[in-house]
Amino acid sequence: MSKEAWKAFLAWLDTANEAELAAKHQRCIDLQQQLRDEDLLSSLGRMLRLIEEEQLIRLGISGRRTSRR
């Protein structure tokens, strides 16, 4: 992926809600099963890791908010 594409993805990652993250995560998994190009598979793997990391961060933040109340 180009630098511009990664910048756009990271900007989206910062603003996406939980449903959007889950939908993009599933779409990446679906694409992984269809593609054979190593570069694209590598990019998809990185995207998946970043989405999963963002989901975990958000779970941790909301979990702390819930436990403090």
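The values are calculated or read from the model by the stated rules, or taken from the named source; none is laboratory data. Keep in mind the model is a prediction, meaning the values are calculated, not measured. Here the Cβ positions follow ideal geometry from the backbone for every residue, glycine too, while neighbour counts run over all protein chains shown.
Observations on the model:
- ARG27 vs. criteria of a type in the set (Lys, Arg), at pLDDT below 95 and assigned to a helix (DSSP H, G or I): no
- Residue ID - nearest to the chain's Cα centre (by Cα), chosen from residues in region 1-43 that are polar (S, T, N, Q) and more than 15 Å from GLU54 (Cβ to Cβ): SER43
- Single condition MET1 does not satisfy, out of (1) modelled with pLDDT of 95 or more; (2) surrounded by 12 or more Cβ atoms within 10 Å (Cβ to Cβ): (1)
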